[in-house]
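The values are calculated or read from the model by the stated rules, or taken from the named source; none is laboratory data. Because the structure is a prediction, the values reported are computed rather than measured. When we count neighbours, we look across all protein chains shown, and the Cβ atoms used for this are built from the backbone with ideal geometry, even at glycine. Ligands, DNA and RNA are stripped out before the accessible areas are found, and what is left, the full protein with its side chains, is counted by its heavy atoms. Shrake-Rupley method; radii C 1.70, N 1.55, O 1.52, S 1.80 Å.
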Amino acid sequence: MPDLHLIISEPEPGEWLDRLDVLEALETAGWTSDADMPLNVLRHPSGAVWAVVGGTGDSGLDCPNGASIAFPSDTPSVVVVAACLAATHTTSSGGCR
């Protein structure tokens, strides 16, 4: 798998990207958009699913092992991306708790 080099710039005051930066980073890492909601739901071949919840910028991650993580809108994008990438490298007994 290629290395992912992630650069997420701090948004200007008043600018809201609605997690588009996370979506773009995950697509670069091999996640694919859901056909019904391409800007809100991404899936990874491992079984991990990341989705934006409503119009608030909150998002969530469903991990391959069944765990779920909620990210409030003020969670830094780099943290959301890191958690999503970590969830794709789980083993049968660990990851995403």
Excluding ligands, DNA and RNA, the carbon-plus-sulfur percentage of the accessible area of the range 23-86 with a 1.4 Å probe reads 59
For the range 27-86, report the convex hull volume of the alpha-carbon atoms normalised per residue, in Å³, without decimals.
81
Evaluate the distance, in nm, between pseudo-label points positioned 7 Å from the Cα of V79 and of A35 along their respective Cα→Cβ axes.
3.6
